[in-house]
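Here the structure comes first, spelled out in structure tokens, and everything after it is commentary.
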Amino acid sequence: MNKVITDGIVLMPPAFGDGLDVWSSADGLPGDPTYDGAGNATLIASDADFGTSLELQKTQSLQKLRFMGETPLFAGCYLRIRARVKAISGALPAVQIAGWAGDAGGNHIAGVTEVGPNVQLTTYGEVVEISAIVGTGTRTGVDMIWGRDAVIGHFGIDLTGNTGGVVRVEDIVIEDVSAIFYGKVLDIVDVKDFGAVGDGVTDNTAAFEAADAAANGRDILVSEGVFYIAQTVTFVSRIRFQGTLVMPDNAILQLTQNYNYGTYLDAFGDETLAFEKAFQALLNFTDHESLDLCGYSIALDGPIDLHAAVGNKDIFSTRRVLRNGQFVANAGAGWDDDVVISTASYSTGNDTQLTNVTNIASIAVGAFVEGFGVGSEIYVKAIDVANLTVTLSSPLWGSASSQSYTFTRFKYLLDLSGFTSITRFTFDSVDFNGKSLASGVMLSPDGLIYHFKDCFFTSNKDRGITSIGRGCSGMLIDRCQFLSAEQALDVADRKSIGFNTNENDVKIRDNRAVRYKHFGIIGGTGNIITGNHFFQGDDSVTGERSAGLKITTNNCKTTFLGNYVDNSYVEWTNEHDATPDLITGFSFGGLVVTGNIFTANGVDSWFRWIHVKPFGTGHFLNGFTVTDNVFKVISGPDIDRVETVDTTHAGLDHTKTRNLTIKGNMFNGVASRMQNPVTISVTRNTPDISWAEDVSEFLPFGGRTRKVSAAIAEGQISDASSQAVFEQPYATVGQGAGGVEFNLTWSKAVSGKVHVTLRSDNPN
């Protein structure tokens with residue numbers, strides 16, 4: 001930059017030969033005395049060294065020479081004032097460049113350096129050049145730093161020392177030397193040129209804003225130093241950092257042009273702080289909808305409390321995206337679980353609240369709750385210390401009116417539990433690597449439509465994604481990898497869970513999960529679970545297996561389509577019901593299981609792929625479809641069946657089964673193959689009036705025969721005389737122990753073969 005060239009600014013004062021009426025013996029201000037006609041000032045027309053020059057006799061202890069014109073100063077522009085002088089006679093003085101600093105109102109700026117280096121003249125007739133650089137910014141090599149308020153200067157020289165000497169002065173030169181500081185191609189504006197001071201203490205907010213305002217398409221440079229910014233500042237220009245920033249927690253750094261994690265890391269120098277400040281800007285600045293981590297791996301010594309990082313919001317409902325990076329846990333005490341044991345009261349009349357909670361001040365929001373009668377994945381959603389109450393994420397199925405509970409607060413790489421509600425937040429291509437020390441992400445207590453896509457949950461200690469309330473409503477988890485930290489452990493020793501949900505309308509699609517205790521715990525209804533592959537075996541022979549997916553709402557309105565269930569099973573319960581005994585309602589219904597691959601190896605004959613587990617009495621199947629699936633045992637013995645009812649707490653009432661469709665499935669290594677409806681062949685070689693048949697191997701979930709919809713003879717039905725019998729038998733269902741038989745009764749004893757279609761449900 002050169003203001004003379006670029007902006008046509010006139011910097012050079014006139015030559016002495018043009019007249020001394022513009023040269024002052026004071027500060028150069030209007031009304032100050034000039035050297036025009038002064039007895040101690042003479043123009044020399046033809047000095048051998050200088051040509052036309054000013055001969056000046058020193059008559060005062062400080063002899064000033066100032067140009068009375070106002071030389072303009074600009075932030076980022078540096079001027080060099082120089083002159084050549086020589087002693088002629090008398091006492092030898094010292095010489096220095098000097099000036100007078102003025103602000104926009106023409107007022108003197110006090111407290112700044114207004115003189116350059118002092119040079120002592122030592123020899124008569126020797127030409128000595130003196131110079132000094134003046135500018136607004138604090139830079140090495142600047143002799144007179146005048147600050148951002150300086151806009152004009154009156155420049156010249158001072159003679160100091162003994163009086164009586166005579167010197168000659170060549171015309172004074174003022175030139176723009178900004179290129180010395182910026183190099184040949186100037187595309188930056190340095191905040192130091194606008195008065196910024198990198199001492200870590202001085203408030204540089206105004207200087208930074210002034211630099212941004214002056215940039216006009218150029219980059220802002222924050223050069224070496226530590227710069228304190230006391231308030232929120234927004235840059236409309238690109239910004240580069242050689243130095244670093246210090247800002248209060250509530251001050252926001254908002255970047256319009258190069259908003260990304262890399263810039264914040266340059267700005268703050270600390271990985272965690274850089275992310276916190278970048279995330280703070282993401283939720284406070286509308287100019288960007290996403291924060292790009294630029295592929296950085298961010299090492300954390302403890303959880304990031306995102307609510308505390310933002311600082312000024314409890315609710316946020318505008319789409320935001322965090323993408324393209326990794327969070328990694330460093331070993332340390334910051335990841336240790338907090339465990340509190342308390343007694344509390346519980347009533348089904350207020351089924352998501354514990355009352356009279358002891359040690360309540362020690363319990364944290366987001367704590368995992370354990371105790372008798374507590375279902376899977378119950379968390380503390382809110383705490384009211386004054387009233388000794390804890391709000392739970394879901395009801396408890398069987399807790400006593402007063403009992404002891406254990407509250408364990410897992411630690412998460414990213415923790416959003418401090419927010420009241422977050423809506424439409426997306427995590428895209430982020431790796432949450434817990435290094436067996438930390439869990440992944442805890443959601444806000446309330447909210448809508450979190451979206452995790454193409455993310456990795458790697459070696460998370462306890463959980464991948466945790467919902468402690470309604471924040472998971474409408475959540476989408478797409479194409480994510482869940483890689484357990486417990487892969488080397490036997491199934492029985494595992495405790496980690498990929499994710500949980502409590503609310504409706506979640507979509508779990510095309511994910512892959514390896515060797516968790518459970519891939520997911522699904523609460524709520526209206527769920528779509530498709531294209532996932534989860535496998536949970538171990539290296540033991542015929543070892544224990546766990547539920548890959550657990551559905552905890554009995555009338556779940558859920559599709560389970562095209563998944564690969566490997567060495568695990570699907571469990572369907574009602575364990576989040578405070579009154580699990582069925583009085584009225586739909587019971588277990590609304591689940592469609594279609595087109596999935598179920599495999600197992602290293603299991604014993606007791607293994608089952610589909611479990612129904614009622615937590616109360618009176619339940620029945622009421623709308624359940626299992627069609628076009630593949631069930632295959634790859635190695636080991638054949639298993640007895642595909643399905644089972646876990647009667648730990650209660651069984652199913654098979655006399656009420658309705659709308660049960662099980663057909664088109666393929667079985668390999670399965671002894672008894674469930675179907676409904678099922679068509680079987682009944683053959684009698686000797687005449688009999690009553691044909692009873694046990695069909696328990698086909699009846700799903702230990703059901704009973706409820707309807708015979710067809711009985712078609714193949715070939716002749718014959719009586720004892722081998723005469724053809726054309727009449728039809730009547731059918732009786734629910735026969736035998738457990739109702740697993742049906743009976744065809746004829747008018748007389750007959751033999752032959754009949755194809756019978758029957759159902760274990762009432763389809764109407």
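The values are calculated or read from the model by the stated rules, or taken from the named source; none is laboratory data. Quick caveat: nothing in here was measured; it's all calculated off a predicted structure. Note that each Cβ is placed from the backbone with ideal geometry, even for glycine, and that neighbours are counted across all protein chains shown.
Exactly one residue out of Gly334, Gly349 is loosely packed, with under 15 Cβ neighbours inside 10 Å and free of Cβ contacts under 8 Å to residues at least 40 places away in the same chain, and it is Gly349.
Of the strands (runs of 3 or more DSSP E) lying entirely inside the range 431-501, those carrying at least 2 residues that are under 17 Å from Val380 (Cα atoms) are 439-442, 446-448, 463-466, 497-501.
Exactly one residue out of Thr644, Thr655 is within 27 Å of Thr599 (Cα to Cα) and in the same structural domain as Gly616 (by TED's automatic domain parsing): that is Thr644. Is it true that Val197 is surrounded by fewer than 22 Cβ atoms within 10 Å (Cβ to Cβ) and closer than 30 Å to Val246 by Cα? Spelling it out, Val197 is indeed surrounded by fewer than 22 Cβ atoms within 10 Å (Cβ to Cβ) and closer than 30 Å to Val246 by Cα.
Here is a yes/no grid of residues against (1) within 16 Å of Ala600 (Cβ to Cβ); (2) among the hydroxyl-bearing types (Ser, Thr, Tyr); (3) in the same structural domain as Phe620 (by TED's automatic domain parsing):
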| position | (1), (2), (3) |
| --- | --- |
| Ala492 | no, no, no |
| Asn500 | no, no, no |
| Phe534 | yes, no, yes |
| Asp539 | yes, no, yes |
| Gly543 | yes, no, yes |
| Ala547 | yes, no, yes |
| Lys550 | no, no, yes |
| Tyr564 | yes, yes, yes |
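Search the range 197-232 for residues being assigned to a strand (DSSP E or B) and among the hydroxyl-bearing types (Ser, Thr, Tyr), and hand back the single one that is nearest to Asp149 (Cα to Cα). Among residues in the range 197-232 that are assigned to a strand (DSSP E or B) and among the hydroxyl-bearing types (Ser, Thr, Tyr), the one nearest to Asp149 (Cα to Cα) is Thr202.
Those strands (runs of 3 or more DSSP E) of the range 670-764 in which 2 or more residues are among the aromatic types (Phe, Trp, Tyr), at pLDDT 95 or above and crowded, with 19+ Cβ neighbours inside 10 Å occupy 741-759.
Every residue, every condition in (1) buried (at least 18 other Cβ atoms within 10 Å of the Cβ); (2) in contact (Cβ under 8 Å) with a residue 40 or more places away in the chain; (3) touching a His at 6+ places or on another chain (Cβ under 7 Å), yes or no:
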residue	(1), (2), (3)
Ala492	no, yes, no
Lys495	no, no, no
Lys517	yes, no, no
Gly543	no, yes, no
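Cβ-Cβ distances below 7 Å connect the following pairs, each with a first residue in the range 241-263 that is closer than 21 Å to Gly200 by Cβ, a second residue that is surrounded by 15 or more Cβ atoms within 10 Å (Cβ to Cβ) and acidic (Asp, Glu), and a separation of six or more residues or different chains: Phe241/Asp266. Taken over the range 48-79, the criterion of being within 30 Å of Glu209 (Cβ to Cβ), buried (at least 21 other Cβ atoms within 10 Å of the Cβ) and charged (D, E, K, R) is satisfied by no residue. Scanning the range 282-329 for residues that are polar (S, T, N, Q) and surrounded by 15 or more Cβ atoms within 10 Å (Cβ to Cβ) returns Asn284, Ser290, Asn324, Gln326. Figure legend. Inter-residue proximity from the range 624-650: first residues at negative phi and surrounded by fewer than 17 Cβ atoms within 10 Å (Cβ to Cβ), second residues acidic (Asp, Glu) and modelled with pLDDT under 95, beta-carbon distance below 7 Å, spacing 6+ or different chains. Indicated pairs: Pro637/Asp604. In the range 577-603, the qualifying residues are those that are within 38 Å of the chain's Cα centre (by Cα) and either closer than 12 Å to Asn555 by Cα or outside the structural domain of Ser635 (by TED's automatic domain parsing) (or both), and the one that is surrounded by the most Cβ atoms within 10 Å (Cβ to Cβ) is Phe588.
In this structure, is Pro30 surrounded by fewer than 19 Cβ atoms within 10 Å (Cβ to Cβ) and within 26 Å of Val142 (Cα to Cα)? No, not satisfied. Of the candidates Thr160, Thr202, Thr232, the single residue that is hydroxyl-bearing (Ser, Thr, Tyr) and under 30 Å from the mean Cα position of the chain (by Cα) is Thr232. Scanning the range 404-449 for residues that are farther than 12 Å from Leu306 by Cα and among the aromatic types (Phe, Trp, Tyr) yields Tyr405, Phe407, Phe410, Phe425, Phe427, Phe432.
Only one of the numbered conditions (1) at pLDDT below 95; (2) over 23 Å from Gly524 (Cβ atoms) is violated by Thr584, and that is (2). Yes or no: Gly471 crowded, with 24+ Cβ neighbours inside 10 Å, modelled with pLDDT of 95 or more and out of contact with any Asp or Glu (no Cβ under 6 Å at 6 or more places or on another chain)? No. The criterion of being assigned by TED's automatic domain parsing to the domain that holds Met12, surrounded by 17 or more Cβ atoms within 10 Å (Cβ to Cβ) and not charged (D, E, K, R) holds for Ala41.
Do the conditions hold for Val357, that is, is it touching a Leu at 6+ places or on another chain (Cβ under 8 Å) and of a type in the set (A, V, I, L, M, F, W, C)? In short, yes. Criterion first (under 18 Å from the mean Cα position of the chain (by Cα) and without any contact (Cβ under 8 Å) to a residue 12 or more places away in the chain) does Leu273 satisfy it? When the stated conditions are applied, Leu273 passes them. Screening the range 75-162 for strands (runs of 3 or more DSSP E) wholly inside it with 3 or more residues that are out of contact with any Lys or Arg (no Cβ under 6 Å at 6 or more places or on another chain) and among the charged types (D, E, K, R) returns the ranges 79-89.
If I filter the range 734-741 for residues that are among the charged types (D, E, K, R) and in contact with an Asp or Glu (Cβ under 7 Å, 6 or more places away or on another chain), do I get at least one hit? Checking the range 734-741: at least one residue is among the charged types (D, E, K, R) and in contact with an Asp or Glu (Cβ under 7 Å, 6 or more places away or on another chain). If the condition is being in contact with a helix residue (DSSP H, G or I) (Cβ under 8 Å, 6 or more places away or on another chain) and closer than 30 Å to Phe372 by Cβ, then the range 597-626 contributes Val612, Phe620, Leu621, Asn622. Where strands (runs of 3 or more DSSP E) sit wholly within the range 513-556, those with at least 3 residues that are under 17 Å from Ser394 (Cα atoms) occupy 518-522.
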